[in-house]
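Scroll down for the structure; my scribbles are underneath it.
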Amino acid sequence: MLSSIGAGVGLLGAQWGVSLLVAAIPESQLQAMPFLRNAGINVSVLAFLCGVTILTGILFGLAPGLDASRTSLNDVLKDESRSGTSAAHARLRNALVIAEISISLVLLVGAGLLLKSLHVLLGRDPGFNVRNVLTFSVNLPDSAYPSEKTPPYYSTAAVHFDHEFTARLRSLPGVVDVGQSSAIPASGGSGSIRFVVEGRPTALGQEDECRIIDVSTGYFSSLKIPLVDGRLFTASDTRETPRIVVVSRAFVKAYMPGENPIGKRIRFTYSAKNPFLQIVGVAADTASIDIAAPPPAIIYTANDQGPSTFLSYMVRTMGEPVAFVGAARSALREIDPQLPLIQPQSLEEVANQSPSVFLRRYPSYLLGSFATLALILAVVGLYGLIAHMVLQRTREIGIRVALGAQRRDIMRLVLRQGIRATLIGVAIGLAAGLGLTRLLSSLLYGVTPGDWFTFLSVTILLLAVALAACAIPARRAMRVDPIVALRYE
């Protein structure tokens, strides 16, 4: 009966928990894994639950049942055995409580490491300012914004749209700056391209490769990305002027170490007809692709010289970015009523929902949930152990009080067993945690698997909770009346 009730409560908790876990997944991840939307309890899982329920009830009821069936009637009627318990049973209860404490400590350490790693990751400087920036995308259909039929497939209509829409956004009250690129920073999106440096003979198929992002003239200023050397794109960089690029500092370190990149030329190798592009500036490194990874080497190209038809905008505002969504949508509707505003959200939300953050935040939710459950079970088990011990030793406590034992002596007597079990469980859990947390190495950022602060914090927490669990039956033992305890002696 108890097993069935527990299974029923667990089933309800599982359905509720799965809904919470699915709701915690960012929309971008759900779009990549739409099957998670329908996650829930299926027939096979339910059948397994029923089997575990029946097996648990049988196993944990059979052992004490068989033991009780072998009890001698003589022993039952003896006063001395009225509240006795076998040493084997006591050792088993102690072992189970110690195991619960050890498991809860391991899970708490794992959750703590992931949470600390997430905190370090979110506190990292990505190289651009994420505060007060509204992001969204606009997709220009080829039918309304056609491109040339031959390379470089230039779209004059797309350039005109970008200029007009950017001007309207900049004119909105409270808008500080507007930038546009082919990918929103920290979203994990961006293409790569192969290239060769002028004057360096390179065999076919051995070209260098790095990330490429098309940006507008306001991209760097809207995200507050500093200029390291040279210049950035200006309004004079158009189709009619020589093609130019800006590179990141990581690009210089990777492909031109010890050299001055300004004035050097590179060529994209996807077509033999591509011209050489001159490097005119070096921008500071940014975590534009993944905020957990080292800054990638990036080539920035001017959107006006080779426009994209999928445009991502970064609108820096004076207030809460989401409050400007309606104004941005109205500005877009005035230019082209058929175009939707795609996924408007703040840049902080984008960074917090990036794949690298998701891969650390979500496991911390899972481990944290299991750790909390394990801690509750350990506390209940420890409380039950000490409460049972107090019940079994009530007459002994009564005798001690009658002989002059003080309240602190009784408190020390009761707490000793609980603290001893807790310390043994903590010691085993620390040893296991030092080994098992190394399995989390790939998910940690800026934190080592053996981080002493996390281990110490979790140990102190567990000891404090265990002490609180032991204190309740200890206080009950301190109030034992020797007359009541010795009534049958």
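The values are calculated or read from the model by the stated rules, or taken from the named source; none is laboratory data. All of these numbers come straight from a predicted model, not from anything done at the bench. Counting neighbours? That spans all protein chains shown, and the Cβs are built from the backbone with ideal geometry, glycine included. Accessible surface areas use protein heavy atoms only, side chains included; no ligands, DNA or RNA. Shrake-Rupley method; radii C 1.70, N 1.55, O 1.52, S 1.80 Å.
Structural remarks
- Looking across region 261-290 at every residue that is free of Cβ contacts under 8 Å to residues at least 40 places away in the same chain and open to solvent by 40 Å² or more (accessible area, probe 1.4 Å), the one that is farthest from Leu347 (Cα to Cα) is identified as Ala272.
- Residues of region 8-23 that are exposed (fewer than 13 other Cβ atoms within 10 Å of the Cβ) and either within 30 Å of Ser354 (Cβ to Cβ) or within 29 Å of the chain's Cα centre (by Cα) (or both): Val9, Leu12, Gly13, Gln15, Trp16, Ser19, Leu20, Ala23.
- Of the set (1) free of Cβ contacts under 8 Å to residues at least 24 places away in the same chain; (2) open to solvent by less than 20 Å² (accessible area, probe 1.4 Å); (3) of a type in the set (A, V, I, L, M, F, W, C), all apply to Ala203 but (2).
- For region 2-26, a residue qualifies if it is β-branched (Val, Ile, Thr) and more than 19 Å from Gly51 (Cβ to Cβ), and the qualifying residues are Val18, Val22, Ile25.
- Yes/no for Asp304 being part of a loop (DSSP other than H, G, I, E, B) and of a type in the set (Asp, Glu): no
- Here Gly112 fulfils each of the conditions (1) at pLDDT below 90; (2) open to solvent by 50 Å² or more (accessible area, probe 1.4 Å); (3) under 29 Å from the mean Cα position of the chain (by Cα) apart from (2).
- Qualifying residue in region 398-412 (condition: open to solvent by 20 Å² or more (accessible area, probe 1.4 Å), in contact (Cβ under 8 Å) with a residue 24 or more places away in the chain, within 25 Å of Leu118 (Cα to Cα) and aliphatic (A, V, I, L, M)): no
- Looking across Arg395, Arg333, one residue alone is among the charged types (D, E, K, R), open to solvent by 50 Å² or more (accessible area, probe 1.4 Å) and at pLDDT 85 or above. It is Arg333.
- Some residue of region 288-304 being in contact with a Pro (Cβ under 6 Å, 6 or more places away or on another chain) and among the hydroxyl-bearing types (Ser, Thr, Tyr): yes
- Among the residues of region 232-253, those that are open to solvent by 60 Å² or more (accessible area, probe 1.4 Å) and either within 20 Å of Arg211 (Cα to Cα) or in contact with a Cys (Cβ under 9 Å, 6 or more places away or on another chain) (or both) comprise Arg243, Arg249, Lys253.
- All positions within region 115-143 that are part of a loop (DSSP other than H, G, I, E, B), open to solvent by 60 Å² or more (accessible area, probe 1.4 Å) and either in contact with an Asp or Glu (Cβ under 7 Å, 6 or more places away or on another chain) or under 30 Å from Ser330 (Cα atoms) (or both): Arg131, Asp142, Ser143
- For region 53-109, a residue qualifies if it is modelled with pLDDT of 80 or more and among the β-branched types (Val, Ile, Thr), and the qualifying residues are Thr53, Ile54, Thr56, Ile58, Val97, Ile98, Ile101, Ile103, Val106, Val109.
- Flag if Gly258 is open to solvent by less than 60 Å² (accessible area, probe 1.4 Å), farther than 30 Å from Pro355 by Cα and either part of a loop (DSSP other than H, G, I, E, B) or polar (S, T, N, Q) (or both): no
- Filtered by the rule that a residue be in a helix (DSSP H, G or I), open to solvent by 50 Å² or more (accessible area, probe 1.4 Å) and at pLDDT below 85, region 452-480 gives Ile472, Arg475, Arg476.
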